Every structure is written in structure tokens, then in C-alpha cells.
Amino acid sequence: MCFIYVDSEDRPVATTEMPLAEAGQFAALELKDFSRAGAFLDWGLPKDLLLPRSEQKNSPTVGDTVVVKVKFDKVSGRMIATQKLAVHRSQEPPDFQPGEKVEALLATSSELGWTAVVNGVHLGLIFHNEVFRDLAQGEVVDAYVKEIREEDGRIDLSLQAPGYVGKIPPLRNQILRELEMAQGGFLPFHDKSAPETIRDAFSCSKKNFKQAVGALYREGLIQLKADGIVLKRAPGAQSSGRGRSDSAGRGGTRG
């Protein structure tokens, strides 16, 4: 198999090297240089891919990773890139079900949230109130379909699995592990903790944190204090950084 493209002197070139993306595909590419014509992206071939100024968004700079769609430019007869993903989005209606797990390529961040390319084809949006950790342009994340908008076919996404089972048991286990490793089995998080503090510590909402803590409390694994949560220990257990005795550890794995 070979790939044919046009070099800087408009000569057709055939190569066995394959680009990182072909016409009609999305990709996260590094911006290498600028000229009057626009920016040049590393797409895996000796000749860089042009991102014309007219196709740019958010004033990218050298070294940035930008998410683009590769397209054939009829005027120049060359492959070019565009950051205007909404203009060039797929016209095929998305065929996903609510709760379905998808792959999301993070493209740009706006006041609403992150625009993402879903499974390499469709466009989706992750609202900022669904984000509980730092994200980066060009990052690929697992996401879950919340709904598909009828008016434009865009997909609303969440970074968390839907429902109690998808969110709370994994978070409950995470909190338990943190307690086991904490000095004295204590963590300084409670009802009055700021949502931002909980988000930074556990990458979750305060609501989900309270549900997970409630699960641990009902299981009899923790005590609730005014200034935090404390891991219960079996009689005679050592108060160490590891936390609980073996018997308490076996109890913590159930549920």
C-alpha cells in the first residue's frame, strides 16, 4: 500500500509511509511552524500539512497540539487541515444509545465545555460541570453518551459512567484505599468541605462523594467526625499508615 500526495513543487509523490490522518479523518497533530499561508502540522510525512489561516481557531502557537479534520482542497488540489470541526462534521446521524461508552478526542474548550470528536466521526460536548480533573487538547478519554440533540445531532457526553453502580462503588473503593494509606486512617473531608476541594482530591462531585461515604458508613467501615472521616479498626489493630487489620480489610472488599 502506498500514499500519494503533492510536494512543495506540485509534483505527485508516492510513499509507503502513511500519514497520521487521511481526508475525512480527525487527528491531534503538533504545530511545527508558521508562514504567511498558515500553520504547518506534523502529520507523519516529510511534507507537513498546511492549516490555512482561514481554517484556524483560537490562535494556535508552535508546539501546540491541535485537533483538526483533514480535507481535500479543490482550489489548491492539496490536502489541508481545518480546525472548524462543526462546519465539516459528519452528516450521518449518530447511532448511539444513552449510557453507551465511547472514545472522545478532546478538541477545544469553550465557556460551555469541551468539544470532542466521538469515535473519530461525530461531535460531542462535555459540559464543564461534568469535568472533575484537568483535561488537555488532543487527549483521548473514555466518555459516556448522555443524550443526542435532535436539532443538530451533537452528543452530550459525561466522563462518568451513568447510574449509581457506574459511579459510586468505584469511588467508595477509592476513598477506602485513601483511608487505608492515610496517617491514622483519617481524611479531612466532611459535609462542609468545598466542592472544589473534593473534586481536586477525588475527581468527583461532592454529591457523589457523600453517597460513597454514606455507603462506607452503612457498612460500618468508617466513623463520621466534624472535621473528617476516620477508618474503623478491629480491636488491637495497629494505627499505621496502612490502616486496618486483615479482618477489616476483608470486610472492606465486600459490596
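A search for C-beta distances below 6 Å between a residue of region 80-105 that is among the aliphatic types (A, V, I, L, M) and any residue that is in a loop (DSSP other than H, G, I, E, B), counting only pairs 6+ apart in sequence or on different chains, returns Val102/Asn119. Being free of Cβ contacts under 8 Å to residues at least 40 places away in the same chain and either surrounded by 15 or more Cβ atoms within 10 Å (Cβ to Cβ) or assigned by TED's automatic domain parsing to the domain that holds Ser203 (or both) is the filter here; which residues of region 122-134 pass it? Result: His122, Leu123, Gly124, Leu125, Ile126, Glu130, Val131.
The rows are residues; the columns are (1) under 30 Å from Lys206 (Cβ atoms); (2) more than 22 Å from the chain's Cα centre (by Cα).
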| residue | (1), (2) |
| --- | --- |
| Ala23 | no, yes |
| Ala27 | no, no |
| Leu45 | no, yes |
| Val102 | yes, no |
| Glu111 | yes, no |
| Gly120 | no, no |
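Selection of region 124-177 for residues being part of a helix (DSSP H, G or I) and among the aromatic types (Phe, Trp, Tyr) yields only Tyr164. The residues on offer are Tyr144, Tyr164, and the sole one that is farther than 21 Å from Arg218 by Cβ, touching a residue at least 40 places away in the same chain (Cβ under 8 Å) and hydroxyl-bearing (Ser, Thr, Tyr) is Tyr144. Of the residues making up region 190-216, those that are in contact with a strand residue (DSSP E or B) (Cβ under 6 Å, 6 or more places away or on another chain) and surrounded by fewer than 20 Cβ atoms within 10 Å (Cβ to Cβ) number 1. Just one residue in the set Asn173, Asn208 is touching a Leu at 6+ places or on another chain (Cβ under 8 Å), among the polar types (S, T, N, Q) and closer than 30 Å to Val118 by Cβ; that residue is Asn208.
Among the residues of region 16-49, the ones that are in contact (Cβ under 8 Å) with a residue 40 or more places away in the chain and in a strand (DSSP E or B) come to 5 in all.
Which residue is surrounded by the fewest Cβ atoms within 10 Å (Cβ to Cβ), if the candidates are limited to region 50-60 and must be touching a residue at least 24 places away in the same chain (Cβ under 8 Å) and more than 26 Å from the chain's Cα centre (by Cα)? Among them, the one singled out is Pro52.
The values are calculated or read from the model by the stated rules, or taken from the named source; none is laboratory data. Remember, predicted model here, so these are calculated numbers, not experimental data. Please note: Cβ atoms are built from the backbone with ideal geometry, for glycine as well, and neighbour counts cover all protein chains shown.
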